[in-house]
Amino acid sequence: MKAEVAARGLARLEARVCTSSCLDQCATGVTVLVEPDHFFYGRVTVADVPEIVDGLVKGQPVKRLVITADQHNGALDGMSDIKGKTAREPASDGST
C-alpha cells in the first residue's frame, strides 16, 4: 500500500500509510482504518490495494470492503475523532 500511495504521488501531502497496534478487528481479517473519515476496510488483500488507493484519490470508499457498524466489534463505538464526531460508516454518496 505504501508503494502504491507513493507511486500515485499521494505520499507527501494527501495520504499516509502506517502500521498500527491492534485494531480489535480479528474477525474481519486484514483491516485498514481510514482517517479522518473514521471507517474500516476488512478482509483486505494485496489485490484490493489499487482499488483502495483509487478510492482515496476519488474521495469514495470501496463499499464492498467497508466494515459496517453491525460487522465490527465496536472498537470505534463512542470513540471521537478530533472533530468530535463519533465513529460512523461513510456516507452512501462517498461524502463524509
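Derivation of every value follows stated rules applied to the coordinates shown; laboratory data play no part. Just so it is clear, the model here is predicted, and its values are computed rather than measured. As a convention, Cβ positions derive from the backbone with ideal geometry for all residues, glycine included, and neighbour counts pool all protein chains shown.
For the pair Asp70 and Ala11, the difference between a 0.36 nm per residue extended length and the Cα-Cα distance amounts to 18.0 nm. Restricting segment 1-60 to chymotrypsin sites (Phe, Trp or Tyr not before Pro) that sit in a DSSP loop and have at most 15 other Cβ atoms within 10 Å of their own Cβ leaves nothing.
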